[in-house]
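Down below is the structure, laid out as structure tokens.
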Amino acid sequence: MKTKRINAFVCIGLLLALSFGCSPSAERKNENGIEIPDMDIHAAVLEGNVDVVRQHIEAGSDINKKEPLGGATPLISAITFGKTGIAQQFIDAGADLSAKNNDGSTALHVAAFFCRVEVVQALLDAEADKTLRNEYGATPRETVMGPFEAVKPVYEMMQTQLGPLGLQLDLKELEKTRPVIAMMLQ
């Protein structure tokens, strides 16, 4: 697995951690008078703050806003960190399902790679494109087709680097679920 892919995920976590303290504290409202939350949308995702995410959606915040280092959208960040309810909020709100991060992965690529079964199904129900390829030439299905032992070190590295930010991976569950995801994406 290429280092670029790993670094993109690390960058997501670092940017999200930094964004907690980077929002202005003044009250902001959109053109309809709806208050825009002070907490950055990516920080709200990482924290699992469903209410702030909902407020961003209601205020018309850009739900496809990419974080600058890894290029993840809030939906991709929610999927990465296993925030299923928040991911569903973004899907229901019409997030761009074809938006790609810096390695060309869409929300469906990320959901497949992290074996987020519920999110994969929600994305398929919302008609996410299963044929898009990332920068490595892989479709979402192809990200789970290889042998688990070949990608286990990638999962372990991500757990080590992003675990302090809330990433929780169960390697046995990932190994068991990869074939299920591959079948879902046929």
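Where a number appears in this text, it was derived from the coordinates with a stated rule and is not lab data. Computed from a predicted structure; not experimentally measured. Here the Cβ positions follow ideal geometry from the backbone for every residue, glycine too, while neighbour counts run over all protein chains shown.
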**Message:** Let me check I've understood the local charge: for residue 175, count other residues with C-beta under 10 angstrom from its C-beta, Lys and Arg +1, Asp and Glu -1. What total comes out?
**Reply:** +1
**Fill in**
Output for the stretch 96-186: GluC sites (Glu not before Pro) sitting in coil per DSSP, at most 10 other Cβ within 10 Å, listed by number, reads 127
**Message:** Give me the dipole magnitude in Debye, nearest 20, for the stretch 3-184 about the Cα centre, with unit charges on the beta carbon: positive for Lys and Arg, negative for Asp and Glu.
**Reply:** 560
**Complete:** Residue span residue 149 to residue 58: 0.36 nm per residue of separation minus Cα-Cα distance leaves a gain in nm of 28.4 nm
**Asked** Using a simple charge model, +1 on the beta-carbon of Lys and Arg, -1 on the beta-carbon of Asp and Glu, nothing else, what dipole does the stretch 54-102 show about its Cα centre, in debye to the nearest 20?
**Response** 120
